[in-house]
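First up is the structure itself, then whatever we jot down about it.
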Amino acid sequence: MKTILNYQIQVLPKLNVTQIGWLLDHFDPAFVFYDWENATLKLCLGAVAECFPAASQRQNQFVTVEKWYQELKQQLKLKNSGPVPLVVGSFLFDPLQNKSATWSKLARGYFFLPQLTIYQTAEQTVAVSCASDSVTCQQQLLQLQQLLGSAVTTTESVGLINVTETQIAAWQRAVQTAITAIQTKQLEKVVLARMITAGLTTRLTAAEIWQRLAPIKQQNYQFLLKYREQIFISLTPEKLVEFQPEQIRLDALAGTIERGTQKEQTQLLGQQLLQSTKNRQEHQIVVSAITNRLTQLKLAVKHPTEPQILVTGSVQHLYTPITAKGKFDPLNILARLHPTPALGGQPQQAALEFIRKYEGWERGLFGGPTGWLDFAGKGKFVVAIRSALLDGQRAHLFAGAGIVAASDYHQETVETQNKMQPMLNLLKGKNKYE
Ligand SMILES: C=C(O[C@H]1C=CC=C(C(=O)O)[C@@H]1O)C(=O)O
């Protein structure tokens, strides 16, 4: 007999950061996603159903989620209006990379249909409770009310110890190898990333991490995914794709320069970035690849001819907003787009093989699409860069840089350092992010 999934909606008072943190600590799995573009927050707690996108290497991770999502869609009795349940989670960057111990619990990627989804906008906060029967839906809403009433702040003072990067010399050699491969036309571009590992004096809870992440007001998406006590967080400026009915919006983001301490200096550096041939080339490869892939799917693609500047907390980027219209299947779009040359390279397969061979560690969820998809034609996925994996008293931080023929490994090292800085500050508990 086919299972039926019900859901119920309840309006709530606005949640504060303490309450959000409290809920994150009380549920596993838990996911929170703050979207700076429309100032909305989605808080997803407990699982009605789960999916591990890369559980089998034989099947494409997007196909696995598509099948699971379609089954859920058939089970859901969708109402005509109001908020609806979502599926949320993270795909792996590359399921074919060699496995390491780092990503233990999250090594197959992770998606779930939440028991409770809380939508918070400037105007209202609404909870959607989902379960196989209406009594459970009610109980979940009651439990939520009780937890919200008992929320207290937890603050840990954490120190960083042993910040290590065993592979820095190897990474710089890989950058040199990439430059040679590009100069000899084996590749056009490849993105190489670094991982640093830090010991923490104490284990950080999801609540504590969210209390540090949430106040960071930059043009960044913020998310936290907790699964069996492993916590993956990101402060990413890069939207991969936003799905709206018959329209998608994307970002081409590639080409980087530092930002200044003063506004004028930042603007001057921005001008320099716009005039840099190396960065323009790095950027154009991404715009062309996205445009080609979408055109092949018979979508009508539009974008400005000149890139703009996007300023984040520690660096600034060349940025081109892209829109595409037509009929599409969201998971097929994700499968075609990921990885764009902003995270993989060009040509895509040759770049992936280069990364597998030379990067020397497992990217796991770093650089993968993370986000949500509802059952009414909407969704949004960001690229999980400027991210960190917290596992007990250990933190792994990740950041990469696009390598083209004119790259210089010293500059790419500084660039990746700058990209990691906001996450390092967060772990150190520094609060000057504005
Ligand atoms: C791969 C990362 O950044 C990408 C996104 C924007 C700019 C990039 C660059 O200029 O290299 C990268 O392609 C990262 O932050 O880990």
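The values are calculated or read from the model by the stated rules, or taken from the named source; none is laboratory data. Nothing here was measured: the structure is a model prediction, and the numbers come from that model. Neighbour counts are summed over all protein chains in view; Cβ atoms, including those assigned to glycine, are modelled from backbone coordinates with ideal geometry. With ligands, DNA and RNA removed, areas are computed over all heavy atoms of the protein, side chains included. Shrake-Rupley method; radii C 1.70, N 1.55, O 1.52, S 1.80 Å.
How much length is gained if the chain between Thr121 and Arg249 is pulled fully straight, taking 0.36 nm per residue apart and subtracting their Cα-Cα distance, in nm to one decimal?
Result: 44.0 nm gained on full extension.
Where the accessible area of the chain is counted over protein heavy atoms with a 1.4 Å probe, how much of it, in %, is carbon and sulfur?
Within the chain, the accessible surface is 50 percent carbon and sulfur.
With bins 10 Å wide starting at 0, give me the P(r) of segment 6-149 over every alpha carbon pair, in whole percents.
That works out to 11, 38, 33, 16, 2, in percent per bin.
Kindly report the accessible area of the chain per residue (heavy atoms of protein chains, probe 1.4 Å, no ligands, DNA or RNA), in Å².
Accessible area per residue, the chain: 41 Å².
Any idea what the relative contact order of the chain is, in percent, if you count C-alpha pairs under 8 Å spaced at least 6 apart?
Taking the mean separation of contacting Cα pairs over the length of the chain, I get 23 percent.
Rank these by accessible area, largest first, 1.4 Å probe: Val88, Val414, Val311. Mind showing how you got there, number by number?
Working: Val88 0, Val414 85, Val311 45 Å².
In descending accessible area the options line up as Val414, Val311, Val88.
For Thr201 and Lys99, what does the FRET efficiency come to when R0 = 35 Å and r is the distance between their Cβ atoms, rounded to the nearest 0.05?
FRET efficiency, Thr201 to Lys99: 0.75.
Of all GluC sites (Glu not before Pro) in segment 1-69, which ones are in loop regions per DSSP and have a Cβ with at most 15 other Cβ atoms within 10 Å?
Those satisfying the criteria are Glu37.
Below 8 Å between Cα atoms, with a sequence gap of 6+, how large is the relative contact order for segment 15-146 in percent?
27 percent
If you keep only loop residues by DSSP, which GluC sites (Glu not before Pro) in segment 218-296 have at most 15 other Cβ atoms within 10 Å of their Cβ? Spell out each step's value before the answer.
On the way: sites: Glu229, Glu238, Glu242, Glu246, Glu258, Glu264, Glu282; in loops: Glu229, Glu238, Glu246.
Hits after loop and neighbour filter: Glu229, Glu246.
Can you pull out the trypsin sites (Lys or Arg not before Pro) in segment 1-84 that DSSP calls coil and that have at most 16 other Cβ atoms within 10 Å?
Counting only loop positions with at most 16 other Cβ atoms within 10 Å, the trypsin sites (Lys or Arg not before Pro) in segment 1-84 are Lys2, Lys14, Arg58, Lys77, Lys79.
Could you give the length gained by full extension between Asn292 and Lys77, i.e. 0.36 nm per residue of separation minus their alpha carbon distance, to one decimal place? Provide the component values of the computation, followed by the final result.
Values: separation 215, 0.36 × 215 = 77.40 nm, distance 3.75 nm.
Length gained between Asn292 and Lys77: 73.7 nm.
May I ask for the equivalent-ellipsoid semi-axes of the chain, computed as the square root of five times each C-alpha gyration tensor eigenvalue and listed largest first in whole Å?
Rounded to whole Å, the semi-axes are 34, 25, 21.
With angles folded into 0 to 90 degrees, how steeply does helix 277-296 sit against the dominant principal axis of the chain? Use alpha carbons for both and round to 10.
It is inclined by approximately 50 degrees.
Taking a ≥ b ≥ c as the square roots of the Cα gyration tensor eigenvalues, with a/c under 1.5 meaning rounded and otherwise prolate when a/b beats b/c, else oblate, which class fits segment 301-434? Walk me through the intermediate numbers first.
Working: a/c = 1.43, a/b = 1.30, b/c = 1.09.
Note, shape of segment 301-434 comes out rounded.
By how many degrees, between 0 and 90 and to the nearest 10, does the Cα long axis of helix 17-26 differ from the longest principal axis of the chain?
Between the helix axis and the principal axis of the chain, the angle is about 80 degrees.
What 222 nm value per residue comes from the helices of the chain, counting each DSSP H run with n ≥ 4 as -39,500 (n - 2.57) and dividing by all residues, nearest 500 deg cm²/dmol?
Mean residue ellipticity at 222 nm (helix-derived): -10000 deg cm²/dmol.
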